[in-house]
Amino acid sequence: MPVRPALAAALGTAALLALATGPAAAAPGESVTVDAVGRLATDGTVTLTGTYRCTGSTGPVFVTTSLSQRDPRLGHGIGGGFARCDGTTRSWSASGTAGGETFQPGTAHVQATVMELRLSGLVPLPVFHAVTEQDVTLVRG
């Protein structure tokens with residue numbers, strides 16, 4: 001199986017498990033932030049940025065983002081990427097479009113998560129290093 005579909009399947013499974021288990025509090029010294037302004041391209045692509053810090057991972061770690069604007073209960077995955085949990089504060093950036101929603105300039109709500117997939121037997125389970133939710137301002141550019 002190619003890497004991208006396998007990664008998407010693993011993240012999708014982890015997201016479903018996360019809904020069932022809910023996020024845990026960040027360990028001391030671990031954090032994720034979201035910059036107050038997000039960029040909105042003319043093609044609808046949203047770019048979000050921020051920082052994260054995590055430690056003590058044994059499996060692959062990701063920064064993931066979800067964005068909502070009209071209905072705060074319906075978040076759209078914007079994207080994310082791999083993270084390094086070495087105790088250093090690092091920058092992250094996520095870009096993407098929402099399948100069923102067109103975002104407009106103005107206030108939107110972001111959830112950013114630093115999540116590890118840790119093997120429990122043969123099943124990768126999500127371990128949350130840090131989660132934050134906040135409003136941001138989407139601007140054209």
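The values are calculated or read from the model by the stated rules, or taken from the named source; none is laboratory data. Only a predicted model underlies this, so the values are computations on that prediction, with no experimental measurement involved. Note that we place each Cβ from the backbone using ideal geometry, even for glycine, and neighbour counts take in every protein chain shown. Side chains are part of the model used for accessible areas, which takes the heavy atoms of the whole protein and leaves out ligands, DNA and RNA. Shrake-Rupley method; radii C 1.70, N 1.55, O 1.52, S 1.80 Å.
Modelled this way, with points 7 Å down the Cα-to-C-beta line, the labels at residue 42 and residue 91 are 2.5 nm from one another. In order along segment 104-118, phi translates into HN-Hα couplings of 10, x, x, 6, 9, 10, 10, 10, 10, 9, 9, 10, 10, 9, 10 Hz, rounded to whole numbers, per the Karplus curve 6.51 cos²θ - 1.76 cosθ + 1.60 with θ = phi - 60° and x for Gly and Pro. Note on segment 19-141: Rg/Rh from Cα positions, Kirkwood definition for Rh, rounded to two decimals, is 0.99. Here the alpha carbons of segment 91-141 define both size measures, Rg and Dmax, at 15.2, 46 Å. Between residue 120 and residue 82, the modelled label-to-label distance comes to 2.5 nm, taking each label 7 Å out from Cα in the direction of the beta carbon. Rolling a 1.4 Å probe over the heavy atoms of the protein chains gives segment 101-141 an accessible area of 49 Å² per residue. Electrostatic bookkeeping for residue 140 treats Lys and Arg as +1 and Asp and Glu as -1; over the other residues with beta carbon under 15 Å from its beta carbon, the sum is 0. Taking the alpha carbon gyration tensor of segment 40-88, multiplying each eigenvalue by 5 and rooting it gives semi-axes of 26, 13, 9 Å, largest first.
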